[in-house]
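> Mind looking over this structure? Questions follow.
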Amino acid sequence: MKNLFILLLVFNTFLFAEMDLADQGCSFSKQNIVTVGWKAYKTPSKLGVSGVFDDVNYEGVKKGKSLKELLEGSSVIIKTHSVNSKNEGRDLKLVNSFFKIMSDDVITAKVTDITSKGDKNIVNVAVSMNGITKRVPMNYTYNKGIFTASGVIDLFDFQASQALKSINKACFDLHRGKTWNDVTISFKMNINCDNNIAKKQ
């Protein structure tokens, strides 16, 4: 019984160690500041197609006493022509038959707030696309120096029905006549937490 108690104590200490780091001083690592990913869906079976954007500009502070202080107010500016699905033909169609139908060639995403309630960690992001800004809640995790967040946008919320029709027409056979309006978006970044900085009181 004593050994079981010790084992549980060690496990709980390990489990909450990463959570405690959110209250310590954090700073971005120098490499791979932010990676923006996406996953779109095609065919009636809703097959996923994934990719990233290669041209992403991060704007925000580089140090903070917590993840909240570090990330709130930060933003990324995404150049849509840099879409990369590892398929040049597909990427060309995405640029010409989808993104160029939009009102501008950039997407911006700004972190408005970060909240944690129980086991729910949410980062709210204001996504601006096609002249429309919508608040998108994204679930996030922070583990071993990697911050990841993921959420879903509805293209109809951004008045992108014409762009959706355009890409569906361009890829009609490959998509079997169906391109879905929901898209999973994500971002990932390396965040180093300095253990020498005292926790907030």
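> Relative to the present Cα-Cα distance, how much length would full extension add between I33 and S103 at 0.36 nm per residue of separation?
Here the segment from I33 to S103 would lengthen by 22.4 nm.
> May I pose another question? For an R0 of 45 angstrom, estimate the FRET efficiency from the Cβ-Cβ distance between N190 and I132 and round to the nearest 0.05.
0.90
> Additional query: If you rank Y142, Y58 by fewest surrounding Cβ atoms within 10 Å, what's the result?
Arranged by neighbour count, lowest to highest, Y142, Y58 become Y58, Y142.
> Would you order R90, R176, R135 from fewest to most other beta-carbon atoms within 10 Å of each residue's own beta-carbon?
R135, R176, R90
> Taking the Cβ of each residue in T115, T133, T108 as the centre, tally the other Cβ atoms inside 10 Å and list the residues starting with the fewest.
Starting with the residue having the fewest Cβ neighbours, the order is T115, T133, T108.
> Can I ask one more? Once amide H atoms are built 1.01 Å from N in the peptide plane, which residues 5 or more positions from S74, or in another chain, come under 5 Å H to H?
Long-range HN contacts for S74: V111.
None of the figures in this text is laboratory data; all of them are computed from the coordinates on show. These figures come from a predicted structure and were not determined experimentally. Backbone-built Cβ (ideal geometry, glycine too); neighbour counts: all protein chains shown.
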